[in-house]
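These notes are about the structure you will find just below.
What follows is calculated from the coordinates using simple rules that are stated; it is not laboratory data. From a predicted model like this one, the values you see are computed outputs, not experimental measurements. Methodologically, a virtual Cβ is constructed for each residue, glycine included, from the backbone with ideal geometry; neighbour enumeration extends over all protein chains shown.
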Amino acid sequence: MSTDIEKMREYREKMNKIILQKNNKNIKRFFAIDHDNYEKGALDKKTKELMGLVASTVLRCDECIFYHLDQCHKEKVTDEELYEALNIALIVGGSIIIPHIRRIFDLWEQMKKT
């Protein structure tokens with residue numbers, strides 16, 4: 001039986017494949033730039049994914065939040081690191097992001113079981 005998390009991962013992968021198969025040069029370039037910016041550089045990948053999570057939370061993009069949270073899980077972000085990053089998101093974004101933080105906590109607990 002597929003979990004919601006697995007379904008979200010599968011959907012993202014499926015749709016990205018469909019989008020990239022359209023061979024739109026600008027979309028492909030943007031996807032490549034997006035991917036490359038999260039690779040290790042002066043900042044490590046874990047830090048960059050936490051930054052992506054904070055930005056996505058402030059912008060209230062659930063799909064982006066899921067993606068960056070999933071990447072944080074893969075990068076072995078600790079609970080304490082996640083909570084500190086979400087503190088920054090809360091300060092910047094204000095109380096309007098509290099529903100998103102609830103979903104993040106729920107997803108995080110599910111991801112930790114995988």
Once the Cα atoms of helix 79-93 and of the chain are each reduced to a long axis, what angle between those two axes, in degrees from 0 to 90 to the nearest 10, is obtained?
-> 90
Nearest 10, in degrees from 0 to 90: the angle of helix 25-37 to the longest Cα principal axis of the chain is 40
For the Cα atoms of the chain, what angle does the longest principal axis make with the long axis of helix 4-21, in degrees from 0 to 90, nearest 10?
-> 30
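Starting from the exponent 0.38 and prefactor 2.2 Å, build the expected Rg for the chain from its residue count and divide its actual Cα Rg by it.
On the way: Rg = 14.7 Å, N = 114, 2.2 N^0.38 = 13.3 Å.
Scaled against compact globular proteins, the figure is 1.10.
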Using packing as a proxy for protection, rank 21-29, 75-83 so that the peptide with the highest average count of other Cβ atoms within 10 Å comes first.
-> 75-83, 21-29
Point-to-point label distance, residue 12-residue 64, nm (Cα→Cβ direction, 7 Å offset) | 1.3
